[in-house]
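Read the structure below first, then the notes.
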Amino acid sequence: MEAGWQTVRDDGRVRAELLEAAYAEPRLRQLFPWTGMGELHFSRCTEWRHTWDIPYIQPAAEGAYWVSGPLRTDTVGSAATAQEAIAMVVERLPARCGPAFVGTPEELTAHEAATRKTQSD
């Protein structure tokens, strides 16, 4: 996960204060961060096409933020600070949202299905 966080820091598309606030939150630090159009996204897997089941944060005017998602048509709301935006994302994390799975979304889905099957046997 560290390499993903370093890549996001190095690419400079997301405000540093937002990255630091996200990284300081253990539940987000264990996820895989990625950026698109200046937005900070979090994925439950490390490989492209990342998962789209976690809200994401967009920059807004005057240092504020807008939280959307998980789908592009879903609106969560505005946040005056990075910490507020992070809290809004954390409140909406999916159940059993643990450390990012090393692999693709399809591999994650197969892994979760196998885990559920094993637990039900």
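Worth pointing out:
- Hits in the stretch 38-56 (condition: within 9 Å of the chain's Cα centre (by Cα), closer than 16 Å to Trp5 by Cβ and not hydroxyl-bearing (Ser, Thr, Tyr)): Leu40, His41, Phe42, Arg44, Ile54
- Taking the criterion of being among the polar types (S, T, N, Q), surrounded by fewer than 21 Cβ atoms within 10 Å (Cβ to Cβ) and under 18 Å from Leu93 (Cβ atoms), the residues of the stretch 12-57 that qualify are Gln30, Thr46.
- No other residue among Glu2, Glu47, Glu62 is free of Cβ contacts under 8 Å to residues at least 12 places away in the same chain, more than 20 Å from Glu84 (Cβ to Cβ) and of a type outside the set (Gly, Ala, Ser) apart from Glu2.
- In a residue-by-residue description of the stretch 14-26, the property of being over 18 Å from Ala80 (Cβ atoms) and over 13 Å from the mean Cα position of the chain (by Cα) applies to no position.
- Restricting the stretch 92-113 to residues that are of a type outside the set (A, V, I, L, M, F, W, C) and outside any loop (DSSP other than H, G, I, E, B), the residue that is surrounded by the fewest Cβ atoms within 10 Å (Cβ to Cβ): Glu106
- Within the stretch 74-82, one or more residues are of a type in the set (A, V, I, L, M, F, W, C), surrounded by 16 or more Cβ atoms within 10 Å (Cβ to Cβ) and not in a strand (DSSP E or B).
- Hits in the stretch 64-73 (condition: within 20 Å of Arg9 (Cα to Cα) and either in contact with a helix residue (DSSP H, G or I) (Cβ under 8 Å, 6 or more places away or on another chain) or part of a strand (DSSP E or B) (or both)): Tyr65, Trp66, Val67
- Boolean, Thr35 is without any contact (Cβ under 8 Å) to a residue 60 or more places away in the chain, over 21 Å from Gly98 (Cβ atoms), of a type in the set (Val, Ile, Thr) and in a strand (DSSP E or B): yes
- Residue match in the stretch 111-120 (condition: under 14 Å from the mean Cα position of the chain (by Cα) and free of Cβ contacts under 8 Å to residues at least 60 places away in the same chain): no
- Matching residues, the stretch 38-63, being assigned to a loop (DSSP other than H, G, I, E, B) and on the phi > 0 side of the Ramachandran plot: Gly38
Since every read-out is calculated from the coordinates, none of them should be taken as a lab result. Because the structure is predicted, anything quoted here is derived from the model rather than measured. Note that each Cβ is placed from the backbone with ideal geometry, even for glycine, and that neighbours are counted across all protein chains shown.
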